[in-house]
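S.K.: Got a structure for you, written out below as structure tokens; questions coming shortly.
The values are calculated or read from the model by the stated rules, or taken from the named source; none is laboratory data. Predicted model only: the values in this text are computed from it and were never measured. Positions of Cβ are backbone-derived with ideal geometry, glycine not excepted, and every protein chain shown enters the neighbour counts. Accessible surface areas use protein heavy atoms only, side chains included; no ligands, DNA or RNA. Shrake-Rupley method; radii C 1.70, N 1.55, O 1.52, S 1.80 Å.
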Amino acid sequence: MNEAAIEAHGIGRVFESRKGFLMQERVRTVALDGVELSVRPGELFGLLGPNGAGKTTLTKILSTLLLPTRGQAKVLGVDVARNPELVRPRIGLVLGGERGLYNRVSARENLRYFADLFGIPVERREPRIVEVLARVGLTDSADRRVEEFSRGMKQKLHLARGILHWPQVLFLDEPTIGLDPRSARETRKLVRGLVSDGVTIFLTTHYMFEAEELCHRIAVLGHGKIIATDTVAALRQLVGGDRTFEVEGYGFEDAELAQLRRLPGVSKIVSEEFGPRLRLTLRVRTREIVPEDIRGVLLNHAELSVRERGTSLEDVYLDLVEEGT
Ligand SMILES: Nc1ncnc2c1ncn2[C@@H]1O[C@H](COP(=O)(O)OP(=O)(O)OP(=O)(O)O)[C@@H](O)[C@H]1O
Ligand SMILES: [Mg+2]
């Protein structure tokens, strides 16, 4: 099958609300403004973007929870706005938060309820519930009432619910938010396991290492539009290379900066104050430059520090988001 698992063309979403004295003032928020994307079957696709960029809105539209105000989206070849009832049984959604769970009953009873809702046959239901509770690490709390659960435990129960009915496509909106480091790691392992089972995953996160560790491809959303979509390696090249030098000292001359810019492979230099010192961040495309080349340009500086590191996804993200503003 060559068809995309998820595709969006020109997706826009405007929210109209009211505020102010007697709610007389109309506010129009453009949350999404022409989103284009395509996720391949079996792919783990990450969506990054600042707070308010529209990630949750897009996740809700793709998972049939919210209608777009323009554009078209398909999941597994089915139009999400026209045939949501055909999409829903085949997808899972984990939005997290406190809502959507029954607090007065146990985790197991919650999952029984959702299993019935998904139409899971009764004879498959109990073993499946045991299996998903184990996969999210809730076996020991299975029979406790959800109102006694911590935030992280609720998040795990949301995950269990999201995968209960063997969805082919899973939408995860910040799946590890509020989880302790070990639980977050277990969750990432679960996500990788689902990918090896062939599940297509659409994930949003603010944790750069998580996106870098998990995702095959990443899209960055800013002001309702996709700024870039690619593998992390390709995105590193897009923002100027996979090597980054951090140079710190007490003030640099314009002539020195110009000389640094002329070094082979230097694609970008950003200068920022770093306490009493100045920090230059150099993005470098080629293997040619070594720290001595940089020291060579900045010979007159005492207490100069030159450090090389790989360009991180955080660097990539910040560059892309800044360029998009
Ligand atoms: N129901 C709503 N009514 C009005 N405006 C809304 C509504 N839902 C979202 N918005 C607005 O749409 C924009 C996008 O919000 P969204 O929740 O999709 O962002 P996000 O990328 O998920 O942010 P975060 O990283 O904080 O979760 C924001 O400006 C938000 O205020
Ligand atoms: Mg969100």
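S.K.: Taking 0.36 nm per residue of sequence separation and subtracting the Cα-Cα distance, how much length would be gained by fully extending the chain between GLU273 and ARG192, in nm to one decimal?
M.R.: Working: separation 81, 0.36 × 81 = 29.16 nm, distance 3.99 nm.
The span from GLU273 to ARG192 would gain 25.2 nm if fully extended.
S.K.: Another question, if that's okay. Provide Rg over Rh for the range 17-138; use the alpha carbon set for both Rg and the Kirkwood Rh (inverse mean inverse pair distance).
M.R.: Details: Rg = 18.3 Å, Rh = 17.6 Å.
Ratio of gyration radius to Kirkwood radius for the range 17-138: 1.04.
S.K.: Between Rg and the Kirkwood Rh of the range 118-181, both from Cα atoms, what is the Rg to Rh ratio?
M.R.: On the way: Rg = 12.2 Å, Rh = 12.6 Å.
Rg/Rh for the range 118-181 comes to 0.97.
S.K.: Oh, and also: Mind jotting down the three principal axis lengths of the range 237-323 based on Cα atoms? Whole angstrom, largest first.
M.R.: 33, 29, 20
S.K.: With a 1.4 Å probe and all protein chains left in place, how much accessible area per residue does the chain have, in Å²?
M.R.: Working: 16370 Å² over 325 residues.
In whole numbers, the chain has 50 Å² accessible per residue.
S.K.: If you don't mind, there's one more thing I want to ask. Cβ under 13 Å from GLY224's Cβ, GLY224 left aside: what net charge do those residues give with Lys, Arg +1 and Asp, Glu -1?
M.R.: On the way: positive: ARG13, ARG28, LYS55, ARG70, LYS225; negative: ASP33, GLU36.
Residues close to GLY224 contribute a combined charge of +3.
S.K.: Based on alpha-carbon positions alone, could you give the equivalent ellipsoid semi-axes of the range 76-194 from the gyration tensor, as √(5λ), descending, whole Å? Show your work: numbers first, answer last.
M.R.: Working: eigenvalues 99, 60, 37 Å².
They are 22, 17, 14 Å, listed from largest to smallest.
S.K.: Further question: Considering only protein heavy atoms and a 1.4 Å probe, what is the carbon-and-sulfur percentage of the accessible area of the chain?
M.R.: Numbers: 8130 of 16370 Å².
Solvent-exposed carbon and sulfur of the chain make up 50 percent of the total.
S.K.: Also, I was wondering about something else. Provide the net charge surrounding ARG285, with neighbours chosen by a C-beta distance below 11 Å and charges set as Lys +1, Arg +1, Asp -1, Glu -1.
M.R.: Numbers: positive: ARG236, ARG243, LYS268, ARG283, ARG287; negative: ASP242, GLU288.
Residues close to ARG285 contribute a combined charge of +3.
S.K.: Find the eigenvalues of the gyration tensor of the Cα atoms of the range 189-243, then list the square roots of 5 times those eigenvalues as equivalent ellipsoid semi-axes, largest first, in whole angstrom. Intermediate results must be reported in sequence, preceding the final value.
M.R.: Working: eigenvalues 97, 40, 20 Å².
Semi-axes from the Cα gyration tensor: 22, 14, 10 Å.
S.K.: If contacts are Cα pairs under 8 angstrom and at least 6 residues apart, what is the relative contact order of the range 237-323 in percent? Walk me through the intermediate numbers first.
M.R.: Numbers: 142 pairs, mean separation 35.7, N = 87.
Reported as a whole number, the value is 41 percent.
S.K.: What Kirkwood Rh does the range 114-254 have if only Cα atoms enter the pairwise 1/r average? Answer in Å. Don't skip to the answer; put the middle values down first.
M.R.: Numbers: mean 1/r = 0.0562 Å⁻¹.
Averaging 1/r across every pair of different Cα atoms and inverting gives 17.8 Å.
S.K.: Extending each Cα 7 Å along its Cβ direction at LEU299 and GLU248, get the distance between those two points in nm, one decimal.
M.R.: 2.6
S.K.: If one puts a single equal scatterer on every Cα of the chain and applies the Debye formula without solvent, what log₁₀ I(q)/I(0) results at q = 0.15 Å⁻¹?
M.R.: Debye intensities relative to I(0), on a log10 scale: -1.17.
S.K.: Determine, at each q value in 0.18, 0.23, 0.27, 0.29 (inverse angstroms), the log₁₀ of I(q)/I(0) that the Debye formula gives when each Cα of the range 273-325 is one equal point scatterer.
M.R.: Once normalised to I(0) and log-transformed, intensities are -0.79, -1.07, -1.18, -1.23.
S.K.: For the chain, what is the mean residue ellipticity at 222 nm derived from helices alone (per DSSP H run of n ≥ 4: -39500 (n - 2.57); sum divided by total residues; nearest 500 deg cm²/dmol)? Walk me through the intermediate numbers first.
M.R.: Values: 11 runs with 107 residues, N = 325.
Result for the chain, helices only: -9500 deg cm²/dmol.
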